[in-house]
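Shown next, in structure tokens, is the structure this report addresses.
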Amino acid sequence: GDFKSANMVFRNVESPEPTVASFDWQWTGPGVGATDLIYLCAMSLADEVVANYEAAVLRPYHEELTAALGGNESVYPFGTLCMEFQWATVDFVRWLVVGRLCGFTPETLASRARKKDANQAECLRSLPRLVWLLRLAQECMGAIQERE
């Protein structure tokens, strides 16, 4: 799916824990959670969050998932999540380059940046986010190649 802020609804209640519902009208089904995490990082989160994505996104996700799975970290080790996140990042960038950046120009980026549409991916309206994503994909490809 495309796990992004435009596909989330937050409930306005007085609570230390936010109540949120996530939906996607185009597709839903089983998949690799790391795919949703890279979509979230590329499309919605603040630059300050993605700058330290491992501590701000991957670790909390893994901790919550481990707790939900009964607290046994060996069921889904953090290293497995990181490996899946690397593959998901490379796949996301493949999709982005082939499916979204064709005909993309600096003017397109500037126009999208001015609109601030929640349905428009951050990586398609922010040059720093696009650069971050391409560098991350390069790092991920290097890590994948080292394991092969």
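The values are calculated or read from the model by the stated rules, or taken from the named source; none is laboratory data. All values reported here derive from a predicted model rather than from experimental measurement. Because the Cβ atoms are built from the backbone with ideal geometry, glycine has one as well, and the counts that use them run over all protein chains shown. Remember, those area values only see protein heavy atoms, side chains included, never the ligands or the DNA or RNA. Shrake-Rupley method; radii C 1.70, N 1.55, O 1.52, S 1.80 Å.
Go through the residues of region 58-74 one by one and say whether even a single one is of a type in the set (Lys, Arg), part of a helix (DSSP H, G or I), modelled with pLDDT of 90 or more and closer than 23 Å to Glu17 by Cβ. Yes, that holds for at least one residue.
Filtered by the rule that a residue be open to solvent by 50 Å² or more (accessible area, probe 1.4 Å) and over 14 Å from the mean Cα position of the chain (by Cα), region 120-148 gives Leu127, Pro128, Val131, Arg135, Gln138, Glu139, Met141, Gln145, Glu146, Arg147, Glu148.
Whenever a residue of region 117-136 is under 14 Å from Cys41 (Cβ atoms) and in contact (Cβ under 8 Å) with a residue 40 or more places away in the chain, its partners that are open to solvent by 60 Å² or more (accessible area, probe 1.4 Å) and part of a helix (DSSP H, G or I), lying with C-beta atoms within less than 7 angstrom and at least six residues away or across chains, give the pairs Pro128/Asp47; Arg129/Asp47. Would region 19-33 turn up any residue that is aliphatic (A, V, I, L, M), farther than 18 Å from Cys140 by Cβ and modelled with pLDDT under 95? Yes, region 19-33 contains at least one residue that is aliphatic (A, V, I, L, M), farther than 18 Å from Cys140 by Cβ and modelled with pLDDT under 95. Any residue at all in region 100-111 that is under 16 Å from the mean Cα position of the chain (by Cα), β-branched (Val, Ile, Thr) and within 23 Å of Leu45 (Cα to Cα)? The answer is no, given that none of the residues of region 100-111 is under 16 Å from the mean Cα position of the chain (by Cα), β-branched (Val, Ile, Thr) and within 23 Å of Leu45 (Cα to Cα). One residue alone among Gln120, Gln145, Gln138 is at negative phi and outside any helix (DSSP H, G or I), and that residue is Gln120.
Using the structure shown, decide if Asp47 is charged (D, E, K, R), closer than 13 Å to Glu122 by Cβ and modelled with pLDDT of 80 or more. Criteria met by Asp47.
Under the condition of being exposed (fewer than 13 other Cβ atoms within 10 Å of the Cβ) and either in contact with a Cys (Cβ under 6 Å, 6 or more places away or on another chain) or of a type in the set (Val, Ile, Thr) (or both), the residues counted in region 81-119 number 2. Would you confirm, using the coordinates I've provided, whether Ala88 is at pLDDT 95 or above and either in contact with a Ser or Thr (Cβ under 6 Å, 6 or more places away or on another chain) or more than 17 Å from Val32 (Cα to Cα) (or both)? Judged against the criteria, Ala88 is a match. Can we say Thr66 is under 18 Å from Ala143 (Cβ atoms) and surrounded by 12 or more Cβ atoms within 10 Å (Cβ to Cβ)? So Thr66 does not fit the description; no.
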